[in-house]
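None of the figures in this text is laboratory data; all of them are computed from the coordinates on show. What you see is a predicted model; the values in this text were computed from it and never measured. Note: ideal-geometry Cβ built from the backbone for every residue, glycine included; neighbour counts use all protein chains shown.
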Amino acid sequence: MGIQSAAGLLTLVAVLALAAVFLRVRRLAHDDRAYAPVQGNAYRVRAIIFWVMVVVGLPLTIWLVRVNPYSLAADAPQVVRATGYQWYWELDRAQVEAGRPVVFEVSSADVNHGFGLYDAQGVLVAQVQAMPGYINRLSHVFKAPGTYRVLCLEFCGLVHHGMTTEIEVSDGGGSDG
Ligand SMILES: [Cu+2]
C-alpha cells in the first residue's frame, strides 16, 4: 500500500471514529447524569489522547515531513528547453538524472504541438502543450532511469506521427531521497 492510500485509509478511519463519537454524544445528551464523574472520565480520555499524540503523532509527523516529495523543490531543477518543429523535436539536452526535478521549457517554432513524455513501457508520464510564442513549463521527477520517448500529442500535419525523440534518464546516484 502506498503512502497516499495509507493516508486516505487512515483519514477514513479517523472520520468514522469521530462520527461515532458525535453520534454517542448526541444519544447521551438527554440523559440526566451527575457532572463530576463525566468530567473525570473526559479528563482521563483527554490525557490518553495527548500522550498518544506525543508518542505516535510526533514521530509520524517527523517521518512524513522527511518523505514529503515537496522537499525536492529546494533542489535546483534540471532545465531542458524543448522546441517543436514540423516535424521534429529539438532538445538542448537529451540526458537528465532520475530522482531530481526536471523543468521542460516547451515551445514551438511553427504550429501547435503536444509534448508527450512516455516511459519505456509506452505509458504517458507527463505532457504539456507546445505553442508558438509561449514557453510552457512542465515540472517532472523521473522515478526510474531508462529511455523515455517524446511524442507529439497534437495533430500537426503530414508527418505528425514521425515527430519523436528520446530522453535518456540516468540513475541519479547522488540523490538521497
Ligand atoms: Cu506535432
Q) If you place +1 on the Cβ of every Lys and Arg, -1 on the Cβ of every Asp and Glu, and leave all else neutral, what size is the dipole of the chain about its Cα centre, to the nearest 20 Debye? A) 1280 debye
Q | Gaussian network model of the chain, Cα within-10 Å springs - most flexible of VAL159, VAL103, VAL67 | A | VAL159
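Can you pull the percent of Cα pairs in the stretch 3-72 with separation above 21 Å?
Details: 1146 of 2415 pairs.
Tail of the P(r) past 21 Å holds 47 percent of the pairs.
Pull out the extension gain between ARG26 and VAL67, defined as 0.36 nm times the separation in residues minus the alpha carbon to alpha carbon distance; nm, one decimal. All intermediate terms of the calculation are to be shown ahead of the outcome.
Details: separation 41, 0.36 × 41 = 14.76 nm, distance 3.96 nm.
Contour length minus Cα-Cα distance gives 10.8 nm.
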Q. Label ALA76 and ALA7 with points 7 Å out from Cα along Cα→Cβ: what is the distance between them in nm?
A. 2.9 nm
Q: Please determine, in degrees from 0 to 90 and to the nearest 10, the orientation of helix 3-28 with respect to the longest principal axis defined by the Cα atoms of the chain, where the helix direction is its Cα long axis.
A: 30 degrees
Q: Give the calculated FRET efficiency between GLN95 and VAL52 to the nearest 0.05, with a Förster radius of 35 Å applied to their Cβ-Cβ distance.
A: 0.10
Q.
How large is the Kirkwood hydrodynamic radius of the stretch 74-170, counting all unique pairs of alpha carbons, in Å?
A. 13.2 Å
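What is the packing order of peptides 113-121, 150-158, taking the mean over residues of other C-beta atoms within 10 Å and listing the highest first? Write out the running numbers ahead of the final one.
Values: 113-121: 19.0, 150-158: 17.4.
With the highest mean Cβ count within 10 Å placed first, the list reads 113-121, 150-158.
Would you mind computing Rg(Cα) / (2.2 N^0.38 Å) for the stretch 124-177, counting N as its residues?
Working: Rg = 14.1 Å, N = 54, 2.2 N^0.38 = 10.0 Å.
Taking the Cα Rg and dividing by 2.2 N^0.38 Å, one obtains 1.40.
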Q. How big is the Rg/Rh ratio for the chain, C-alpha atoms only, Rh by Kirkwood, two decimals?
A. 1.27
